[in-house]
Amino acid sequence: MAEIIDQALTFRLIKERIARTSNPRHLLMLRRLLQHAEGEANGDLEAVMSTLSPNPRYHTYGSRPEMSPVGRDAVRRFYLETVFGAGLHFFQFDVDRIVVDDHTIVTEGDSSTLLWGRDAKQTGYPIDDEEAFYLMRLRMILVWPFDDDCLILGEDSYSAVTRQDFMEKVEESRLPAKYREYVERRRASVSQFH
């Protein structure tokens with residue numbers, strides 16, 4: 001049975017674009033974006049932070065203010081607490097369009113993210129069981145501005161619900177082993193405090 005998410009899809013179109021890009025600046029920007037995306041998917045904070053400018057600014061339009069950190073310390077905290085801390089790095093972003101100019105990359109595609117019910121509820125998503133698992137599907141556009149040194153200035157994220165079943169409950173048996181291990185570590189840490 002195929003995995004419920006395939007993180008390799010996140011990198012597929014970026015790698016294809018790298019293979020056919022000859023402009024040196026665009027090539028460096030695309031390689032930085034790939035490093036950033038792989039760092040996110042692997043939960044590697046230092047890899048992600050190494051791709052960012054000295055004062056990154058994230059904007060997640062239509063979301064809570066804590067989803068839009070500003071500055072290196074706030075962005076680092078955002079990844080530790082919100083992305084890696086709540087398992088949001090278990091995603092696939094099936095990019096179907098990528099646009100590159102001298103200062104910006106735009107990626108567009110279908111995003112699928114695994115969520116543990118506890119995290120989904122805390123984040124405000126409409127779930128009915130804190131111990132269940134969910135697959136959240138959204139259409140997304142990410143705008144990635146770059147500075148003169150080809151470091152990422154931040155992320156401007158736009159997402160939309162494009163299907164009625166955007167939040168699907170999934171059986172634990174369908175979860176990738178890596179995600180199940182992550183949840184077991186989280187459960188163990190939660191039980192230590194109860």
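The values are calculated or read from the model by the stated rules, or taken from the named source; none is laboratory data. Because the structure is a prediction, the values reported are computed rather than measured. Every residue, glycine as well, gets a Cβ built from its backbone with ideal geometry; the counts of neighbours run over all protein chains shown.
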query: Can you name every residue in the stretch 118-128 that is under 20 Å from GLU66 (Cβ atoms) and either part of a strand (DSSP E or B) or of a type outside the set (A, V, I, L, M, F, W, C) (or both)?
result: ARG118, ASP119, LYS121, GLN122, THR123, GLY124, TYR125, PRO126
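I'm checking my understanding of the structure. Among residues of the stretch 129-173 that are in a strand (DSSP E or B) and hydroxyl-bearing (Ser, Thr, Tyr), which one is surrounded by the most Cβ atoms within 10 Å (Cβ to Cβ)?
Here the residue is TYR134.
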task: Evaluate the following for LEU52: is it modelled with pLDDT of 90 or more and crowded, with 16+ Cβ neighbours inside 10 Å?
output: yes
task: For the stretch 54-108, enumerate the residues that are assigned to a strand (DSSP E or B), farther than 22 Å from PHE11 by Cβ and either free of Cβ contacts under 8 Å to residues at least 12 places away in the same chain or not β-branched (Val, Ile, Thr) (or both).
output: PRO54, ASN55, ARG57, HIS59
- prompt: Residues of the stretch 65-104 being under 23 Å from ASP149 (Cα atoms) and aliphatic (A, V, I, L, M), which ones?
  reply: VAL70, ALA74, VAL75, ILE98, VAL99, VAL100
statement: Looking across the stretch 9-33 at residues that are farther than 13 Å from GLY109 by Cβ and of a type in the set (Val, Ile, Thr), the single one that is nearest to the chain's Cα centre (by Cα) is ILE18
